[in-house]
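Q: Below you'll find the structure I mean.
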Amino acid sequence: MTDDEGAPSAAPVTLSEPERRLLRELQRVPEERRDEEELSEALGLPVETARGSLQRLRAKHLAVAEETSSSTPRLTRRGQELLSEGLPERRLLKVLAAAGPEGLGPDALEAAGISGEERSAAIGILRRRRLLAEGVPFRLAPGAALPDQLPEERAMRDIADGSPEVDPASLAALQKRGLAAVERTVERHWGPSEEGRRLAVPVDDTPMTGAVTPELLLTGAWRTGAFRPYDVRAPVPYLGGARPHPYLAWVKEFEEILIGLGFVQAEGPLLETEFWNADVLNMPQEHPARSIHDVLGVRGVEGHPPPTALLERVAAVHEGRPIPGETHPVGPGWRYPYDRALAGRPVLRSQTTAVSARFLAAHPTPPFRMYCLDRNFRREELDATHHIEFGQCEGLLGEEGITLRHLVGMFRELAAAIGIRDLKIRPSYFPFTEPSVEGYVRHPRLGWIEVFPGGLFRPEVLRPLGIEVPVAAWGIGVTRLAMISLGVSDIRELFEDDLERLTGREG
């Protein structure tokens, strides 16, 4: 086949009936660019059929598309509710302005219709803007001028009014709080490619079958039907030869739950020092307390000492002395001379709480909402629920008003998110939290197993790091949680490389 000038045309291709109709329509006015709705209406095709056929024409190099993308902010359902009710920070400002300089306690705010979750967010926002005084009872900062409109309020009104100009920083803050979202749309306007213009499209619109179906075989229609040949130039889907390990896939889903709850990820080294792994967490350097973790030491490697000022603050807490610059000790301490050389000894990390300590030291300004899901190592006897290497999900939740109830509520929320309903909580002990709890879930074969340890960080942990707000912390045993979700009765099965079991072909 040649064109009018004698040059060779495109190689023959096979087209479905909708593709032939669309290409002929594009060739009819080749200089115009038309959108999918216009083409579907002109040919009487469903929009979905036209859209898919146009994409296949593009894959066959017969059609081209000019794409225009746009972004439109909108309020979520919760954002629409707060647009009429008022943001929590605005309602808190009104309540405190009416209360006067004496302020209000948490219970009074609850009675005024400001829930605990709303109160925490509002307090953090107003304190960052210096509109709220520190401490409890809650009260307006001296001399604070109440704004007629907060930036987020103005942005919400602009979004609701369809204004093209919305403050980017305020929009980002509303998105983070789940009060606004940005809808992104892409408009495509189609025309024929150079090859598509030259191609002679058959006028015969006889439907052609692309695949043999059970119905064709049962009715015998395959004997008289016309089958569309394979187009060897058409793209084919990529089929990989591997899939994620079930345990790693489960861990990824668990991370997505935490990210959905507003937590940010942090990381820390697997090779730690005694200081970050234990000392800064108020664990005494003497053996009895640290034997809880059965730490694995490392030879032939030198550990990096912590900053000198922080080392001295932690040493003062361990020895029961006032922190440098203060007049009273944080607590009685452990009443022994703190060994600064031991603090730099390298060990394999036995708990992701070391990551929490590093995070708080680097980010001392609340609020805190952090997680770390990573490996730890302990000298354990291997059995159905213990392994020398195990996964732990560390978490921090810190701001004004945080209590043990928030921690237990978080445990219940996470358990419910992965389908676990049976959860028991009992008091416990950890050197770095008080009060402390342990959460137990039921395994169908192993019974109740402990997976949710946590508590509120002690002042001995927070004060040396410069933290003044309560911080709830936990170290969830995600490997044990995965055993329940994946139906595994021995933790060692999660680390096996048995392909028959991993691919589900066992038996």
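Q: Can you work out which of the residues in region 294-316 that are in a loop (DSSP other than H, G, I, E, B) and crowded, with 20+ Cβ neighbours inside 10 Å is modelled with the lowest pLDDT?
A: That would be 295.
Q: Still on this structure: Suppose we keep only residues that are part of a loop (DSSP other than H, G, I, E, B) and more than 31 Å from the chain's Cα centre (by Cα) within region 57-82. Which one would you say is surrounded by the most Cβ atoms within 10 Å (Cβ to Cβ)?
A: Residue satisfying both the conditions and the ranking: 62.
Q: So which residues in region 438-447 are surrounded by fewer than 21 Cβ atoms within 10 Å (Cβ to Cβ) and modelled with pLDDT of 90 or more, if there are any at all?
A: Correct list: 438, 440.
Q: Looking at region 354-370, can you tell me whether even one residue there is assigned by TED's automatic domain parsing to the domain that holds residue 300 and over 28 Å from residue 125 (Cα atoms)?
A: Taking every residue of region 354-370 in turn, at least one turns out to be assigned by TED's automatic domain parsing to the domain that holds residue 300 and over 28 Å from residue 125 (Cα atoms).
Q: A further question on this structure: Just the residues that are without any contact (Cβ under 8 Å) to a residue 12 or more places away in the chain and surrounded by 12 or more Cβ atoms within 10 Å (Cβ to Cβ), please, taken from region 148-191.
A: Of everything in region 148-191, those that are without any contact (Cβ under 8 Å) to a residue 12 or more places away in the chain and surrounded by 12 or more Cβ atoms within 10 Å (Cβ to Cβ) turn out to be 158, 163, 172, 175.
Q: List the residue pairs whose Cβ atoms are under 8 Å apart, where the first residue sits in region 415-432 and is at positive phi, the second is at pLDDT below 85, and the two are 6 or more positions apart or on different chains.
A: Cβ pairs passing all conditions: 419/485.
Q: Looking only at residues in region 1-29 that are assigned to a loop (DSSP other than H, G, I, E, B) and in contact with a strand residue (DSSP E or B) (Cβ under 8 Å, 6 or more places away or on another chain), which one is modelled with the lowest pLDDT?
A: Filtering region 1-29 for residues that are assigned to a loop (DSSP other than H, G, I, E, B) and in contact with a strand residue (DSSP E or B) (Cβ under 8 Å, 6 or more places away or on another chain), the one modelled with the lowest pLDDT comes out as 1.
Q: While we're looking at this one, here's another question. Would you say residue 255 is more than 19 Å from residue 457 (Cα to Cα), in a helix (DSSP H, G or I) and in the same structural domain as residue 357 (by TED's automatic domain parsing)?
A: yes
Q: Might you let me know whether region 198-209 holds any residue that is modelled with pLDDT of 80 or more and hydrophobic (A, V, I, L, M, F, W, C)?
A: Checked against the condition, which is being modelled with pLDDT of 80 or more and hydrophobic (A, V, I, L, M, F, W, C), region 198-209 yields at least one hit.
Q: Picking from 351, 285, 265, which residue would you name as being outside the structural domain of residue 121 (by TED's automatic domain parsing), polar (S, T, N, Q) and over 30 Å from the mean Cα position of the chain (by Cα)?
A: Answer to the selection: 285.
Q: What pairs can you find where one residue is in region 30-45 and farther than 17 Å from residue 16 by Cα, the other is of a type in the set (Asp, Glu) and surrounded by 15 or more Cβ atoms within 10 Å (Cβ to Cβ), and their Cβ atoms are less than 7 Å apart, with a gap of 6+ or different chains?
A: Every condition considered, the pairs that remain are 42/25.
Q: Here's something else I'd like to know. Only one residue in 48, 66 is under 30 Å from residue 201 (Cα atoms) and in contact with a His (Cβ under 6 Å, 6 or more places away or on another chain), so which one is that?
A: 66
Q: Residue check: is residue 474 touching a strand residue (DSSP E or B) at 6+ places or on another chain (Cβ under 8 Å), assigned to a strand (DSSP E or B), within 30 Å of residue 123 (Cβ to Cβ) and in contact (Cβ under 8 Å) with a residue 24 or more places away in the chain?
A: Against the criterion (touching a strand residue (DSSP E or B) at 6+ places or on another chain (Cβ under 8 Å), assigned to a strand (DSSP E or B), within 30 Å of residue 123 (Cβ to Cβ) and in contact (Cβ under 8 Å) with a residue 24 or more places away in the chain), residue 474 qualifies.
Q: A further question follows. Do you know which of the residues in region 350-365 that are surrounded by fewer than 22 Cβ atoms within 10 Å (Cβ to Cβ) and of a type outside the set (A, V, I, L, M, F, W, C) is nearest to residue 275 (Cα to Cα)?
A: Step by step, filter region 350-365, then rank; the result is 358.
Q: So, of the residues in region 149-197 that are under 28 Å from the mean Cα position of the chain (by Cα) and part of a strand (DSSP E or B), which turns out to be farthest from residue 87 (Cα to Cα)?
A: This residue is 186.
Q: Filter region 393-437 down to the residues that are part of a strand (DSSP E or B) and of a type in the set (Ser, Thr, Tyr), then identify the one that is surrounded by the most Cβ atoms within 10 Å (Cβ to Cβ).
A: The qualifying residue surrounded by the most Cβ atoms within 10 Å (Cβ to Cβ) is 433.
The values are calculated or read from the model by the stated rules, or taken from the named source; none is laboratory data. Owing to the predicted nature of the structure, the values given are computational and were not obtained by experimental measurement. Note: ideal-geometry Cβ built from the backbone for every residue, glycine included; neighbour counts use all protein chains shown.
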